[in-house]
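K.L.:
What follows is a structure written as C-alpha cells; I'll ask about it next.
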C-alpha cells in the first residue's frame, strides 16, 4: 500500500489534469415509439383505429400454424443447444428481498403492516452495546419462493436457502451478478459465452423446462400492474400491429386502462411494456444484479402478443439482446447483417421489408424456459403461431458502451490537457496551408503536404502520451451511474444499513439513532455503489443509491468531500467485499493544518447516506442524544 503522502501527491497530479469540458450526455437504452398523432382529433382517430382492428379481427381467416424449422443457413451460424432434463442449477435470484426506499415504490410501508419476527439475536459487546448476528428462521411458505410446475410436480428454483442468513452480508455484488448471468444462460458456461458467442453470433438454448423463468414475470402480473398503477400510453406501454408489411402504433393518449389495453389485445395488437422494472420488483431484482456484472445499464422490455399475429417489422437493434420466453410460443427468424457497417451498430435500424433481408440464419420457435441471444445488428422478426399467445422479456445490455465511446472521452480530454501543457499545439498553422490541404488537393503532388502530414503525426503521438485514460474512464462511468437501478436489499443487508434503522421522535425525545464506533466493521453496500472522481480542485462522490426505478427520472446524484478524505474512500473501494474496521480509515487520512479528521465522522456520514453496511447489526446506544460535533464537511450538490 502506498503511503498517505504518495496518495495525496497522486491526487494533486490527477486533479491538475482535470478540465472543465462539459460532460457529454450518452443516451441509455430507451425503446422509443413512433411519433404520436397530433392531439386534435386523436380520440376520434383512436376509436376509428380500434373499430378497424375489430373488423379486421372478425374477418381475418385463421392462419396456418407456423412450421418449425431446426435448420440454419447463411454466413452467420447460430449456436443451438438442446438442454436435457437434468436438474437445472439454482436460480441466483433471492426471493427474500426488499426494495430500498425510493420514490418508485408503489406502496409505502404503513403502520398496518404485520410486525416481522426479528431474524437476529443480540449479544452485548465490550462497550455494553448490543451486537446483533443473523440466525436461521423456519422455511417461508413455498408460494413466496421461486418455483415452477413440471409434469405435475412442484420444484423450487432455489434463490435463498430456507431463511434469512448472513450470505448477503458476505457476497460480492459483481460475483453475484455473474452467478445470475450464469443461471440465465445455463448450461452454457459464462467463459465460453464471452469467448465464442458474445458479439459474434446468436445462441439458442432449448431447455425443455417450462418453469425455468416462471417467476420473473407473467401476464397476470401485467394485468395487476395496469389495475394498480398509472401506466401511460407511449411513455410506459405501446400497442402495435404489423400486417401486410406495415408496422403501426395505435397508442391513444392518457392512462392505459385495462379495458382499453385488453380490447386492443383482443383485436390483434401486441402489447409492449417499456421499463417494466419500474413496476415489477422481480424484474428490478434481475436487472440490478446483471448491471453489477456487465458494468453498464441493463434494461428490459416485455412483449405480449396475441395468437397468430406479429407486432413489429424486421429490424435490428443497438443492444445485446437476451430473449427469455415466459409464456406461450413465439416463432423467431434471425438474419445476417446486410453489410460490415451493420455489425455491432451504434444505432437501431428503421423497419425493413422481407425483400431487404434475405434468407434467415435461424428459424425456430421459443417455448417457456427457452433463451435466445443475438448481438447488435442481427436483423430479427417474430410472430406467434395461431394456437397460442406469447409473453417474453427482452433484456438489453451494452448500448453505447464500446471502446469507441471510451476513446471519445479520452481524445476530448487529452486534447484539452495537451493544449495547456504543450506549446506545439498552440502554434499557428502555416499561412498557406489552405492552398495544398483539403479534399480538393489530396491528389496533388505538392512537396508541402508531406511535412504537414508528418507534423500531424507527431502531434498525435504527443496527444496519446498525454491521454488521461483513467479520467476518461471516470467520465464514461457517470452515464452508468446516471442510468443504474438502485440496489435491491435483502433483509440482512437492510438491517445492517441505515435502511434498517428505527430512529424516531416521541414527545420531543429522539431514540433509535445508531453511531458507528472505531471497532465497527464496515464495507460498501455494493461494489459499484459509488465512484470517486477528482474534478479541478475538488473531489466528487457519484452514486446510484438514490436513483429511481424509472429511467433517468432523477439527475445524476453526487456530493463533494474534502480532497484529504479521498484516500479513505478509496480504501473502502479497494477493500470490497471485505469489511474493515472504522479505525483503519485513520491510516488513510491526511493532516490539514496539523489536524487529522476523525474517521468515525467520515464513516458515519457515508453510513447515513446509505452507502455503507456493517458486518453486524448495531443497536442504538443507551443515550441517543446527539451532543457530538462532526468535523467532516460534506457539500450536498444534488
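The values are calculated or read from the model by the stated rules, or taken from the named source; none is laboratory data. Note that the structure is predicted; figures quoted are calculated from it, not measured. Don't worry about glycine lacking a Cβ; one is built from the backbone with ideal geometry, like all the others, and counts go over all protein chains shown.
K.L.:
Of these, 485, 525, 489, which one is closer than 14 Å to residue 609 by Cβ, modelled with pLDDT of 90 or more and either surrounded by 19 or more Cβ atoms within 10 Å (Cβ to Cβ) or not assigned by TED's automatic domain parsing to the domain that holds residue 604 (or both)?
P.N.:
Answer to the selection: 525.
K.L.:
Restrict the check to segment 323-332 and report whether at least one residue is part of a loop (DSSP other than H, G, I, E, B) and farther than 18 Å from residue 398 by Cα.
P.N.:
yes
K.L.:
What number of residues within segment 546-572 are at pLDDT 90 or above, within 22 Å of residue 599 (Cα to Cα) and in a loop (DSSP other than H, G, I, E, B)?
P.N.:
0
K.L.:
If the requirement is being in contact with a helix residue (DSSP H, G or I) (Cβ under 9 Å, 6 or more places away or on another chain), surrounded by fewer than 16 Cβ atoms within 10 Å (Cβ to Cβ) and at pLDDT 95 or above, which of these qualifies: 575, 583?
P.N.:
575
K.L.:
Which number in (1) touching a helix residue (DSSP H, G or I) at 6+ places or on another chain (Cβ under 9 Å); (2) touching a residue at least 12 places away in the same chain (Cβ under 8 Å); (3) loosely packed, with under 15 Cβ neighbours inside 10 Å marks the one condition that residue 465 misses?
P.N.:
(2)
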